[in-house]
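The values are calculated or read from the model by the stated rules, or taken from the named source; none is laboratory data. All values derive from a computational prediction rather than experimental measurement. Reconstructed Cβ throughout: ideal geometry from the backbone, glycine too, with neighbour counts over all protein chains shown.
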Amino acid sequence: MDFRELTYITAVADEHSVTEAAKRLYISQPSLSYIISKAEQELGVKLFDRKTNPLTLTYAGEIYVERAREILRIRDNMRRELTDIGHGQKGRINIGIPNERAGYMLARAMPLYRKEYPNIEIRLQESRSAEIIRNLMIDKIGFCVLPGDKSDLPPGLVVEKIYRESLYIVAGDGVVTEDMLDKEETEEEIKPVMTMSAAGITMPVVQLEKLKSKPFIIVKEGTFIRNRMDQIFREAGFFPKDVMEVANCISAVQLAKAGLGYTITPERAIIALGGYDQFNCLLYGDHQDSWDVSAVYRKDVYLGKAERALIETMKKVFGGQPE
């Protein structure tokens, strides 16, 4: 038994397929099958149930993979610590980040980070939030950047806030009528409530219940923004009947601007598409909704100097934004 065997067999467990694991590991399928058979012969137990499709672990295989992950984690922690002893000037960071967020956050943080760590290789895994968390739990990535609440995460994780991000409704021009807005009464008139947003822009406040019959553009399941949208609709007492599902917030905002429906989006999608001047943005609910964007990692994983420096750089770049 060696590190290569542990790595290969955990890869098969992750992919539920020898063929897919072989592609990921850049080795031939026969070679990988031989390694599995040799390990099973040496151990005297079957690790995989070959009668199932997709491939599943036997009970012995579950124990093997659990222990293998622990051993590989110890090895990786040791490597990070030894790299730190060498001043952390060389190495590799495996980071997970939701689709689109990398272009917004890393593009702004990396120039400053590269000044201190020019020789660190960044391996980026962009995916939906659910897949990122899965990769974190099986040690495919050292840490990730995620929005949302700690309650959305499994136990055993450390959460470090990077910055707080606002959420808004985006709609097309002319689709929001006055009867949908919160009103305030003065001695002279009844007029729509206008509130200063966290971005320092005065915006109208929409009554969510007035939108229950309206079309909405929502992001597909497996993302934190979808989880938050579902929560908002539950609290408002309805779920839209007319919905269009899209893969990401960028598409949702663009379609909302075109008048195809309403969407709820984090501010980074608005900024990425040109800023607040380009969109009809509204506040909702308690007027200013927001969530934390955080660095997330396992309690039992050692973060090296280079990884910690990247987290601290993101805090520095984004931490000065309005709460």
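Being assigned to a strand (DSSP E or B), β-branched (V, I, T) and over 19 Å from the mean Cα position of the chain (by Cα), is that true of even one residue in the range 228-243?
At the first step, the residues of the range 228-243 found to be assigned to a strand (DSSP E or B) are 243.
Right, trim to β-branched (V, I, T) and you get 243.
Those left that are additionally over 19 Å from the mean Cα position of the chain (by Cα): 243.
There is at least one residue in the range 228-243 that is assigned to a strand (DSSP E or B), β-branched (V, I, T) and over 19 Å from the mean Cα position of the chain (by Cα).
Which ones in the range 120-130 are in a helix (DSSP H, G or I) and surrounded by fewer than 17 Cβ atoms within 10 Å (Cβ to Cβ)?
Residue satisfying the conditions is A130 alone.
Taking V45 as the residue in question, decide whether it is surrounded by 13 or more Cβ atoms within 10 Å (Cβ to Cβ), among the aliphatic types (A, V, I, L, M) and more than 20 Å from M137 (Cβ to Cβ).
yes
Return only the number of the condition from (1) at pLDDT 90 or above; (2) outside any strand (DSSP E or B) that S294 does not satisfy.
Exception for S294: condition (2).
Tell me yes or no: at least one residue of the range 257-267 is assigned to a strand (DSSP E or B) and more than 20 Å from V175 (Cα to Cα). Show your work before the answer.
Applying the first criterion (assigned to a strand (DSSP E or B)) to the range 257-267 yields 262-266.
Among the residues that remain, those that are also more than 20 Å from V175 (Cα to Cα) are: 266.
Yes, because at least one residue in the range 257-267 is assigned to a strand (DSSP E or B) and more than 20 Å from V175 (Cα to Cα).
Please name all residue pairs, on different chains or six or more residues apart, with Cβ atoms under 6 Å, provided the first residue is in the range 31-50 and is in contact (Cβ under 8 Å) with a residue 12 or more places away in the chain and part of a loop (DSSP other than H, G, I, E, B) and the second residue is surrounded by 11 or more Cβ atoms within 10 Å (Cβ to Cβ) and acidic (D, E).
K46/E40; L47/E40
Being in a strand (DSSP E or B) and over 16 Å from A309 (Cα atoms), is that true of even one residue in the range 99-119? Before the answer, list the steps.
Initial filter on the range 99-119 (in a strand (DSSP E or B)): none.
The answer is no; no qualifying residue exists.
Could you tell me whether any residue of the range 105-119 is among the basic types (K, R), over 19 Å from T7 (Cα atoms) and crowded, with 19+ Cβ neighbours inside 10 Å?
For the range 105-119, residues among the basic types (K, R), over 19 Å from T7 (Cα atoms) and crowded, with 19+ Cβ neighbours inside 10 Å: absent.
Among what's in the range 210-227 and is charged (D, E, K, R) and part of a helix (DSSP H, G or I), pick the residue that is surrounded by the fewest Cβ atoms within 10 Å (Cβ to Cβ). Don't jump to the end; show me each part of the working.
Applying the first criterion (charged (D, E, K, R)) to the range 210-227 yields 210, 212, 214, 220-221, 226.
Among the residues that remain, those that are also part of a helix (DSSP H, G or I) are: 210, 226.
On the way: K210: 15, R226: 19.
Looking at the filtered set, the residue picked out is K210.
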